[in-house]
Amino acid sequence: MAMEKQNQEPRIGFYVCHCGTNIAGMVDCAEVAHHVGTLPNVVMSKDYKYMCSDPGQELIQKDIAAHGLNRVVVASCSPLLHEHTFRGAVEKGGLNPFFFHMVNIREHDSWVHTDRQEATEKAKALAQAAIGRVAHHKALETKRVDINPTTLVVGAGIAGIHTAMTIANAGKQVVLVEREPTIGGHMAKFDKTFPTLDCAACILTPKMSAAGAHENIRLLSYSEVTKVDGFVGNYKVTIKRKPRYIDEEACIGCQDCIPACVFKTPKFADEFNEGLGKRRPVYIPFPQATPQIVAIDPNVCLNFKKGENGDRVVSDKCKKTCVEACGDKDAIDFTQTERFEEIEVGAIVVATGFQTYDATRSPSYGYGRYDNVYTALEIERLVNASGPTGGHVVMRDGKSEPKSVGIIHCVGSRDKKTNAWCSRVCCMYSMKLAHLLKEHTNAEIYNFYIDVRTPGKGYEEFYGKLLEEGVHFIRGRVGEVTDWAMTPEEEGKLVIRVEDTLAGMVRRIPVDMVVLATGLEPQKDAQDVRRLFNMSCGSEGFFLERHPKLAPVNTFSDGIYIAGACQGPKDIPDTVAQAGAAAAEVLALIDKGYVEQEPNTAFILEDECSGCKSCIPLCPYTAILFDEKTDKAWINEALCKGCGTCVGSCPSGSIVQNLFEDQEIFSEIEGVLAYD
Amino acid sequence: MEIKRTIKYQADRVRGFGREVMSVPGCEKLKDCIQCGTCSGVCPLSIYMDFTPRQVMALTREDFKNEVLASHTIWLCASCYACTVECPREIRITDIMYELKQRAIHEGVYPKRFPIPVLAQEFTTMVRQHGRVSEGLLVTKLYLKTNPIAALGMAKLGMGLMKTGRFSLKQENIKQRADLARIVATVDNESVKA
Amino acid sequence: MRYGYFPGCSLKGTGRAYEESLLPVMQHLGVEMVELDDWSCCGATAYMAVDEGKACALAARNLALAEQGGFAQVMAPCSACYLVLNKTQHFMQDYPAMRRLVDKALGSVGLKVSNDTPVRHPLDILLNDVGLDAVKQKVTRPLKGLKVAPYYGCQIVRPYSTFDDQADPVSMDQLLQALGAEVIDWPLKTKCCGGSLTGTLPEAGLRLSYILLKEAKKRGADLIATVCPLCQFNLDGYHDKIEAKWEPVRVPTVYFSQLMGLAFGMPANRLGLQRGFIPMPSLPRAEAVAA
Ligand SMILES: Cc1cc2nc3c(=O)[nH]c(=O)nc-3n(C[C@H](O)[C@H](O)[C@H](O)COP(=O)(O)OP(=O)(O)OC[C@H]3O[C@@H](n4cnc5c(N)ncnc54)[C@H](O)[C@@H]3O)c2cc1C
Ligand code: SF4
Ligand code: SF4
């Protein structure tokens, strides 16, 4: 039937959608419908309040039957949102779904213009272009491609771990890639978690070791993704395995090598403890690290000293006592180098988390200048029983306990000069730290806040609990932290100068310790990761979801999902919920078993191909092959992504791309130009 | 104890005042104020102000013209710009203070013998007429106009300045004073048109 | 290195010592400062408080004079002048209406301003045009053992910070170190000295000067080095009153240019050092360095 209709004269139906007032508020839809009704081949032209609604779709179907339509154009929102919907409606009406074209007069028009007259004219021009183009549309068939059922999860904080576990528990294979020597992310550093104050280690580490031991999870720690090829269902991913100078198969995690190191006392800043503790060149980040495999830091290990010419010179101070201690296991291997591994997966979940704001960017708070100004993450380690001080809260002198502490909220959040957004978790974690510091030291605690934001289950109650405990809450964004004294009680203290905005006066409050509640921001390399996985970012740099309400874990690339704080600041409950959602999306995709591919692929007109081969090296997907027998090039449809590069390059004009044929494009351009 | 009513009725406002201030170049962003108090927290003079800078922002935005223009705050502002560089909403508070000072002078609503607005006016008059400021002369005029008694307290400083060759009652002048007058007149003319 | 020199009113009055020291020091370094012909007052903070349009137009007159005089760059040593001239340029750039107003006003006396003459501070010029190496080469009497608190004040770092870090400027620190002095680390480098409030409202203004002096003294400074005539005046001129109200905090405050002159071996009285109230401590015995 489709073929018949194609050969008939085009009979086009046009529909312009009001989208409530989203479009109708700026575009005169009736006028657009009227104008399009006057164009050649247009049989009928209508405007309607919501084309995507059931009645809207039925309208199209009825008109196809009643008026013998064989082409349909809808002018409404972005094709990303509803192209699928309307193609479905056209198909239900009995036409090939590709006899349809969609015009975006919302994102491209009504939302970005302020002059109703001009916006209406623009809508008419865009519609006219579509009418010209759709007349040349052909019937096409979508292809089905099988899906590889293995999933890649990138980043193994609580988001990545939860996603991986959920998918693996459903019986599917997961490759979990983490760039640090251990999984766990930020949560592994916390002592307790708000609002319930349950012990972070108690709830996280069992999950970590379960993920490490799961038969369906292949854990690649200390590794990074360097290349992603392919498309939904069939990705080829290259993973860099960074050398940890330990044979991961051979190491049994006995850690005998660590005390055997020639550095008798730990000497180097320990990243896991935010630099508050020390470690040796051979180390394991923390006792429950997963995998239980040590790592050697080449920046400080004596075996990796560089000589003047940059060559490696082994210091004669090193007696390789670690190798000796390892003995028969023979797991230490100083010759290891970077390795690259290629894997194939069907779906990818990116869960690369966040980094905290660099407090030295707010110089008025004195971080880095005054010893006893701390970041919140440092305090997390300081109150932690397995932290550098065994949970004993002492200041940088190593002995005195603070008798008074000021916690400054919103450092690097809600500030146009640094990060404009609210980091969402700092109010709550500040109160958690206030509680813990009070518990540990019985100090006088002051919270300095702009607004206390507690929108979560049990959160406002937690705020109430803190008030009960006698923690001070002063509403005012701190002006500065300084060390000069005005009064005797200020001598030797850090002085916080702030307007107590509710009392309406400026105060100076001397404290022993200042804690900066630094905000959450995108990872330093978020832009690289974004490009790698072909995702988008919001203006702040967090990965962009496909739709903020209805597709919160999808990205604009099919088969690539996001979860956790890489999408925006969020707490653990929300992170885990999102991680579960991403896992469900992946499982739904894999379970279906196939994907339908847009038939916008290119093909070569064999008769016209001169066999010059100029197109072959240009194809970024190596989809073009050369047939030595016929002396002609041909395109592997399964590999073609429809980018169009070859089409423009063919000197004999013998490459054609479905949905972008010359006639279609030229008529579209003519349509726009004809309108003035 | 004097009991005063502190409630504000809508009628106590001067409608449109906030909008007017926010339409002046440099003052637009006042709209974005979140009342965080950073400006007051960093302001070295906020400890003497009747309203803190933050309160001045709130009062201005809410059309409390009379309260704002009569407040000491605008005159206590030393133009140190500490607030402007720290405000998380990038509000140019110092420029807003300038705008409010201008309005207070224009409407003549400042404490009569209060030296700061008087200094501002004497200063500008001197610049307009002579092109340059002669500090000794300016300060002398200021004290005579505001507080001749206090001038006595300054006598010692004045003597010291004289001794170190830094005090003179001579009026400095530029050559092109006519040019200055014309520039000023042109601006006046334009402003009236605007 | 040739600059149109905009002295401003203070450098001809209470801040004479600044000019008296800056001119020979710059000349010694091969920097040519040519005073703008018939310059007028920049307007300082007072004019902005009365009329923004006139303030800009009058300040812009000086920029136009510089262009007319064929100067590619202007040097403005006084902090208030430096800020007002820069601010005028910013306003003209950011607000077309202001630009039109200024054009019209200057046009009425046949002047034109293209607004592309950078207005620079001597510290900027010393660090970036002259270079610290060249400065070091001229040092014949290093200020060894002299503990100096570098005090930048407000207006050369706020609201615009064109050549130095806004929160923690270091240009003067580096310069003083190049002269051989020891620099005191203190958190008040850019805090307000009280500005003109020391005179108009001493109960508020003087406290700020007092705090600066007190802290400098407490941290062991022999003297405070400043870049601004008003700061110098405030920190030097009110010791009697400060003592009466609080406590003696007799730390001298001098211009950085005076210290440069001393380090270059120039005599104190040629650098206007006799004009301060709190006398500069005598330098550690001059150790002549092979020049
Ligand atoms: C001080 C502080 C206290 C907090 N306290 C609480 C609390 O008490 N309760 C609560 O609910 N929330 C709390 N939060 C919030 C909590 O940290 C986050 O909700 C949670 O960590 C988000 O988990 P995530 O897995 O998305 O990100 P992350 O924890 O940041 O994990 C991301 C992981 O991905 C890895 N990774 C990053 N990039 C790559 C890459 N390119 N390749 C491979 N791996 C990569 C990282 O190494 C890391 O392991 C707190 C936050 C802070 C800053
Ligand atoms: S600092 Fe800015 S946002 Fe905060 S109260 Fe002051 S003007 Fe408003
Ligand atoms: S510019 Fe004025 S209001 Fe702002 S901090 Fe300085 S003195 Fe206070």
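Could you figure out which of (1) within 14 Å of another protein chain (Cβ to nearest Cβ); (2) touching a Gly at 6+ places or on another chain (Cβ under 9 Å) isn't true of C:His28?
(1)
Exactly one condition in (1) closer than 21 Å to A:Thr150 by Cβ; (2) more than 16 Å from ligand 1 (Cβ to nearest atom) is false for A:Gly580; which is it?
(2)
Name every residue in region C:240-268 that is within 14 Å of chain B (Cβ to nearest Cβ) and touching a helix residue (DSSP H, G or I) at 6+ places or on another chain (Cβ under 8 Å), in order of residue number.
Just the residues of region C:240-268 that are within 14 Å of chain B (Cβ to nearest Cβ), to begin with: C:240-245, C:252-255, C:258, C:268.
Answer for region C:240-268, where residues must be within 14 Å of chain B (Cβ to nearest Cβ) and touching a helix residue (DSSP H, G or I) at 6+ places or on another chain (Cβ under 8 Å): C:Asp240, C:Lys241, C:Ile242, C:Lys245, C:Pro252, C:Thr253, C:Val254, C:Tyr255, C:Gln258, C:Ala268.
I'm trying to understand the selection: among the residues of region A:548-572, which are in contact (Cβ under 8 Å) with a residue 12 or more places away in the chain and outside any loop (DSSP other than H, G, I, E, B)?
Filtering region A:548-572 for residues in contact (Cβ under 8 Å) with a residue 12 or more places away in the chain gives A:552-572.
Passing the criteria: A:Asn554, A:Ile560, A:Tyr561, A:Ile562, A:Gly564, A:Ala565, A:Cys566, A:Ile572.
Count, please, the residues in region C:116-149 that happen to be closer than 30 Å to B:Leu180 by Cα and surrounded by fewer than 17 Cβ atoms within 10 Å (Cβ to Cβ).
Quick first cut of region C:116-149, residues closer than 30 Å to B:Leu180 by Cα only: C:116-122.
Those left that are additionally surrounded by fewer than 17 Cβ atoms within 10 Å (Cβ to Cβ): C:116, C:118.
Final tally of qualifying residues: 2.
If a residue has to be more than 10 Å from ligand 3 (Cβ to nearest atom) and under 16 Å from the mean Cα position of the chain (by Cα) to count, how many in region B:25-47 make the cut?
So the count comes out to 2.
Which of the residues belonging to region C:171-195 are within 14 Å of chain B (Cβ to nearest Cβ) and surrounded by 24 or more Cβ atoms within 10 Å (Cβ to Cβ)? Before the answer, list the steps.
Initial filter on region C:171-195 (within 14 Å of chain B (Cβ to nearest Cβ)): C:187-195.
Across region C:171-195, the qualifying residues are C:Thr190, C:Cys192, C:Cys193, C:Gly194, C:Gly195.
Could you grab me the full set of residues in region C:196-222 that are among the aliphatic types (A, V, I, L, M), part of a helix (DSSP H, G or I) and at the interface with chain B (Cβ under 7 Å from one of its Cβ atoms)? First the steps, then the outcome.
The initial filter retains those residues of region C:196-222 that are among the aliphatic types (A, V, I, L, M), namely C:197, C:201, C:204, C:206, C:208, C:211-213, C:216, C:221.
Subsequent filtering for residues that are part of a helix (DSSP H, G or I) retains C:197, C:204, C:206, C:208, C:211-213, C:216.
C:Leu197, C:Ala204, C:Leu208 - these are the residues of region C:196-222 that are among the aliphatic types (A, V, I, L, M), part of a helix (DSSP H, G or I) and at the interface with chain B (Cβ under 7 Å from one of its Cβ atoms).
May I ask you to list pairs of residues, at least six apart or on different chains, whose Cβ atoms are under 7 Å apart, with the first in region B:134-158 being among the basic types (Lys, Arg) and the second being surrounded by fewer than 19 Cβ atoms within 10 Å (Cβ to Cβ)?
As it stands, the answer is B:Lys156/C:Asp240, since those pairs meet every condition given.
State all residues of region A:360-410 that are within 14 Å of chain C (Cβ to nearest Cβ) and either among the aromatic types (Phe, Trp, Tyr) or in contact (Cβ under 8 Å) with a residue 40 or more places away in the chain (or both); if no residue qualifies, say none.
A:Arg361, A:Ser362, A:Ser364, A:Tyr365, A:Gly366, A:Tyr367, A:Tyr370, A:Val373
Is one or more of the residues making up region A:172-183 in a helix (DSSP H, G or I) and under 16 Å from A:His214 (Cα atoms)? Spell out how you get there, then give the answer.
Here is the first cut: in region A:172-183, the ones in a helix (DSSP H, G or I) are none.
Looking through region A:172-183, none of the residues is in a helix (DSSP H, G or I) and under 16 Å from A:His214 (Cα atoms).
For region C:136-160, what are the residues that are part of a loop (DSSP other than H, G, I, E, B) and more than 14 Å from every other protein chain (Cβ to nearest Cβ)? Steps first, please.
Residues of region C:136-160 part of a loop (DSSP other than H, G, I, E, B): C:139-146, C:152-160.
Scanning region C:136-160 gives C:Val139, C:Thr140, C:Arg141, C:Pro142, C:Leu143, C:Lys144, C:Gly145, C:Leu146.
Restricting to region B:1-30, name every residue that is surrounded by 10 or more Cβ atoms within 10 Å (Cβ to Cβ) and outside any loop (DSSP other than H, G, I, E, B).
Within region B:1-30, B:Asp12, B:Phe17, B:Gly18, B:Arg19, B:Glu20, B:Val21, B:Met22, B:Glu28, B:Lys29, B:Leu30 meet the criteria.
Under the condition of being part of a helix (DSSP H, G or I) and surrounded by fewer than 24 Cβ atoms within 10 Å (Cβ to Cβ), which residue from region B:66-75 is nearest to the other protein chains (Cβ to nearest Cβ)?
So in region B:66-75, the residues part of a helix (DSSP H, G or I) come out as B:66-70, B:73-75.
Among the residues that remain, those that are also surrounded by fewer than 24 Cβ atoms within 10 Å (Cβ to Cβ) are: B:66-67, B:69-70, B:73.
Working: B:Asn66: 19, B:Glu67: 14, B:Leu69: 13, B:Ala70: 16, B:Thr73: 11 Å.
Within region B:66-75, the match that is nearest to the other protein chains (Cβ to nearest Cβ) is B:Thr73.
To keep it simple, each residue is scored yes or no on (1) surrounded by fewer than 18 Cβ atoms within 10 Å (Cβ to Cβ); (2) acidic (Asp, Glu); (3) in the same structural domain as A:Cys29 (by TED's automatic domain parsing); (4) farther than 24 Å from A:His136 by Cβ.
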position: A:Pro55; (1), (2), (3), (4): yes, no, yes, yes
position: A:Ala66; (1), (2), (3), (4): yes, no, yes, yes
position: A:Ala75; (1), (2), (3), (4): no, no, yes, no
position: A:Glu83; (1), (2), (3), (4): no, yes, yes, no
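Just checking, how many residues over region A:398-421 are of a type in the set (Gly, Ala, Ser) and under 23 Å from the mean Cα position of the chain (by Cα)? If you could, list the steps in order and put the result at the bottom.
Start the filter on region A:398-421 by keeping residues that are of a type in the set (Gly, Ala, Ser), which leaves A:398, A:400, A:404, A:406, A:412-413, A:420.
Then drop every residue that is not under 23 Å from the mean Cα position of the chain (by Cα), which leaves A:412-413, A:420.
Residues flagged as of a type in the set (Gly, Ala, Ser) and under 23 Å from the mean Cα position of the chain (by Cα) within region A:398-421 amount to 3.
Which of the residues belonging to region A:313-363 are within 32 Å of the chain's Cα centre (by Cα) and small (Gly, Ala, Ser)? Break it down into steps so the answer makes sense when it comes.
Initially, region A:313-363 is screened for residues within 32 Å of the chain's Cα centre (by Cα), giving A:336-363.
Across region A:313-363, the qualifying residues are A:Gly346, A:Ala347, A:Ala351, A:Gly353, A:Ala359, A:Ser362.
Looking for something within 9 Å of chain A (Cβ to nearest Cβ) and within 11 Å of B:Ile91 (Cβ to Cβ) - is there at least one such residue anywhere in region B:12-28? Steps first, answer last, please.
Our first condition is that a residue be within 9 Å of chain A (Cβ to nearest Cβ); within region B:12-28, this holds for none.
No, region B:12-28 has no match at all.
Going by the conditions given, is A:Ser423 of a type in the set (Ser, Thr, Tyr), away from ligand 2 (no atom under 16 Å from the Cβ) and part of a loop (DSSP other than H, G, I, E, B)? Let's see the steps before the verdict.
Values: of a type in the set (Ser, Thr, Tyr): yes; away from ligand 2 (no atom under 16 Å from the Cβ): yes; part of a loop (DSSP other than H, G, I, E, B): yes.
For A:Ser423, the condition - of a type in the set (Ser, Thr, Tyr), away from ligand 2 (no atom under 16 Å from the Cβ) and part of a loop (DSSP other than H, G, I, E, B) - is met.
Considering only residues that are in contact with a helix residue (DSSP H, G or I) (Cβ under 6 Å, 6 or more places away or on another chain) and either part of a helix (DSSP H, G or I) or within 16 Å of ligand 3 (Cβ to nearest atom) (or both), which ones fall in region A:189-214?
Scanning region A:189-214 gives A:Lys189, A:Ala200, A:Leu204, A:Lys207, A:Ala211.
Specify the residue that is surrounded by the most Cβ atoms within 10 Å (Cβ to Cβ); the eligible residues are those in region A:229-238 that are away from ligand 1 (no atom under 12 Å from the Cβ) and outside any loop (DSSP other than H, G, I, E, B). Quick ask: steps written out before the conclusion?
First, pick out the residues of region A:229-238 that are away from ligand 1 (no atom under 12 Å from the Cβ): A:229-236, A:238.
Still in the running and outside any loop (DSSP other than H, G, I, E, B): A:229-231, A:234-236, A:238.
Working: A:Asp229: 14, A:Gly230: 17, A:Phe231: 18, A:Asn234: 18, A:Tyr235: 22, A:Lys236: 13, A:Thr238: 14.
Result: A:Tyr235.
Any idea which residue in region B:48-95 is farthest from ligand 1 (Cβ to nearest atom), counting only those that are without any contact (Cβ under 8 Å) to a residue 24 or more places away in the chain and under 12 Å from the mean Cα position of the chain (by Cα)?
Only one residue tops the list, namely B:Ser71.
Would you call A:Arg530 outside the structural domain of A:Gly456 (by TED's automatic domain parsing), under 8 Å from the mean Cα position of the chain (by Cα) and charged (D, E, K, R)? Write out each step before concluding.
Working: outside the structural domain of A:Gly456 (by TED's automatic domain parsing): yes; under 8 Å from the mean Cα position of the chain (by Cα): yes; charged (D, E, K, R): yes.
Answer is yes for this residue.
So which residues in region B:52-99 are near ligand 3 (Cβ under 10 Å from one of its atoms) and among the small types (Gly, Ala, Ser)?
Matches in region B:52-99: B:Ala78, B:Ser79, B:Ala82.
Identify all residues within region B:12-68 that are near ligand 2 (Cβ under 10 Å from one of its atoms) and at positive phi; write none if there are none.
Once the filter is applied, which keeps residues that are near ligand 2 (Cβ under 10 Å from one of its atoms) and at positive phi, region B:12-68 yields B:Gln35, B:Gly37.
From C:Gly4, C:Gly15, C:Gly30, which residue is of a type in the set (Gly, Ala, Ser) and surrounded by fewer than 23 Cβ atoms within 10 Å (Cβ to Cβ)? Working first, answer last.
Details: C:Gly4 fails: surrounded by fewer than 23 Cβ atoms within 10 Å (Cβ to Cβ); C:Gly15 fails: surrounded by fewer than 23 Cβ atoms within 10 Å (Cβ to Cβ).
None of the others qualify; the one that does is C:Gly30.
Any residue at all in region A:479-498 that's assigned to a loop (DSSP other than H, G, I, E, B), within 15 Å of ligand 2 (Cβ to nearest atom) and modelled with pLDDT of 95 or more?
If we filter region A:479-498 for residues that are assigned to a loop (DSSP other than H, G, I, E, B), which is where we start, we get A:479, A:483-487, A:491-493.
Going one step further and asking which of them are within 15 Å of ligand 2 (Cβ to nearest atom), we end up with A:479.
Among the residues that remain, those that are also modelled with pLDDT of 95 or more are: A:479.
Checked region A:479-498: at least one residue is assigned to a loop (DSSP other than H, G, I, E, B), within 15 Å of ligand 2 (Cβ to nearest atom) and modelled with pLDDT of 95 or more.
Would you say A:Pro620 is surrounded by fewer than 18 Cβ atoms within 10 Å (Cβ to Cβ), outside the structural domain of A:Arg71 (by TED's automatic domain parsing) and under 30 Å from A:Ser413 (Cβ atoms)? Walk me through it before giving the result.
Working: surrounded by fewer than 18 Cβ atoms within 10 Å (Cβ to Cβ): yes; outside the structural domain of A:Arg71 (by TED's automatic domain parsing): yes; under 30 Å from A:Ser413 (Cβ atoms): no.
It is false that A:Pro620 is surrounded by fewer than 18 Cβ atoms within 10 Å (Cβ to Cβ), outside the structural domain of A:Arg71 (by TED's automatic domain parsing) and under 30 Å from A:Ser413 (Cβ atoms).
The values are calculated or read from the model by the stated rules, or taken from the named source; none is laboratory data. Owing to the predicted nature of the structure, the values given are computational and were not obtained by experimental measurement. Heads up, the Cβs are rebuilt from the backbone with ideal geometry, glycines too, and the neighbour counts pull from every protein chain shown.
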